[in-house]
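The structure appears below as structure tokens.
The values are calculated or read from the model by the stated rules, or taken from the named source; none is laboratory data. These figures come from a predicted structure and were not determined experimentally. No Cβ is skipped: glycine too gets one built from the backbone with ideal geometry, and neighbour counts run over all protein chains shown.
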Amino acid sequence: MTNAQVIALIYGFIGFIVIGSIVLLPYALVQHTRHGRIDGRQVFVLGAFLLYACLAVAAVMLPLPDPSAPRLEQTVQLVPLQWIDDIGAEMHKYGLAPTVANALATQTFQQAALNVLLFVPLGMYLRATWRRGAIGATAIGAVVSLTIEIAQLTANFGTAPFVYRIFDVDDIMNNTVGALLGWVVASAVLALRQARRVATPHVPVPRRPITDRAEARVG
């Protein structure tokens with residue numbers, strides 16, 4: 001992880017503290033008002049999602065460039081799976097043997113892997129919390145990723161001094177795969193939990209007849 005990525009995540013965590021304090025407290029108060037209690041699980045799930053969202057947005061948008069920084073030579077990449085060729089180019093550049101270990105160690109592969117992992121939590125939330133199907137989760141992941149790439153192509157919709165991230169079709173593909181992977185993981189976890197419930201059914205403790213209890217009190 002680069003120093004810039006660490007700084008971005010720090011800003012994302014700060015953003016979570018601000019947004020979380022604005023959202024979570026009212027949410028808990030509304031729960032208490034409506035139901036007479038606070039559901040700690042629901043508050044935790046919402047807080048975890050806000051943390052993920054803040055960190056994810058910070059990772060793809062920050063840090064913002066200095067106006068005097070050099071411009072990108074390329075701002076659009078539309079060749080699918082170009083990252084695979086880029087791995088070979090990176091190994092050739094540094095004189096590395098074309099082995100699997102060297103390929104996995106390249107910055108190109110690590111970036112592609114991070115793009116997949118970035119959307120795994122989204123897919124898990126879509127399955128476990130919002131009950132979306134595989135197609136719905138995949139479509140939402142693709143739309144969210146496309147929105148991010150458009151924001152990068154337009155310099156955060158004109159708020160940044162210039163385009164500082166590449167619109168990359170591979171990022172959309174990897175993000176979408178990550179969302180689907182997260183959906184699969186969440187589905188597997190839910191299926192295992194359901195199987196355990198079926199395997200170990202709850203057996204209610206038999207209650208003693210009223211007459212027996214009365215006799216016990218008399219004795």
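Every residue, every condition in (1) surrounded by 15 or more Cβ atoms within 10 Å (Cβ to Cβ); (2) over 24 Å from Leu46 (Cα atoms); (3) at pLDDT 95 or above, yes or no:
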| site | (1), (2), (3) |
| --- | --- |
| Trp130 | no, no, no |
| Glu149 | yes, yes, yes |
| Gln152 | yes, yes, no |
| Gly158 | no, yes, no |
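Among the helices (runs of 4 or more DSSP H) confined to segment 1-93, the ones with at least 2 residues that are at pLDDT 90 or above and touching a Phe, Trp or Tyr at 6+ places or on another chain (Cβ under 7 Å) are located at 40-61. Using beta carbons and a limit of 9 Å, which pairs, at least six apart or on different chains, have the first residue in segment 83-103 and more than 14 Å from Ala113 (Cβ to Cβ) and the second one surrounded by 14 or more Cβ atoms within 10 Å (Cβ to Cβ) and among the charged types (D, E, K, R)? Here the result reads Leu96/Glu90, each pair linking segment 83-103 to a residue that is surrounded by 14 or more Cβ atoms within 10 Å (Cβ to Cβ) and among the charged types (D, E, K, R). Selection of segment 94-116 for residues being part of a helix (DSSP H, G or I) and touching a Leu at 6+ places or on another chain (Cβ under 9 Å) yields Asn102, Ala103, Ala105, Gln110, Ala113, Val116. Cβ-Cβ distances below 9 Å connect no pair with a first residue in segment 170-191 that is surrounded by fewer than 20 Cβ atoms within 10 Å (Cβ to Cβ) and among the basic types (Lys, Arg), a second residue that is assigned to a helix (DSSP H, G or I) and modelled with pLDDT of 95 or more, and a separation of six or more residues or different chains. For Phe167, are the conditions met, namely being surrounded by fewer than 19 Cβ atoms within 10 Å (Cβ to Cβ) and either of a type outside the set (S, T, N, Q) or at pLDDT 95 or above (or both)? Here the answer is no, as Phe167 does not meet what is asked.
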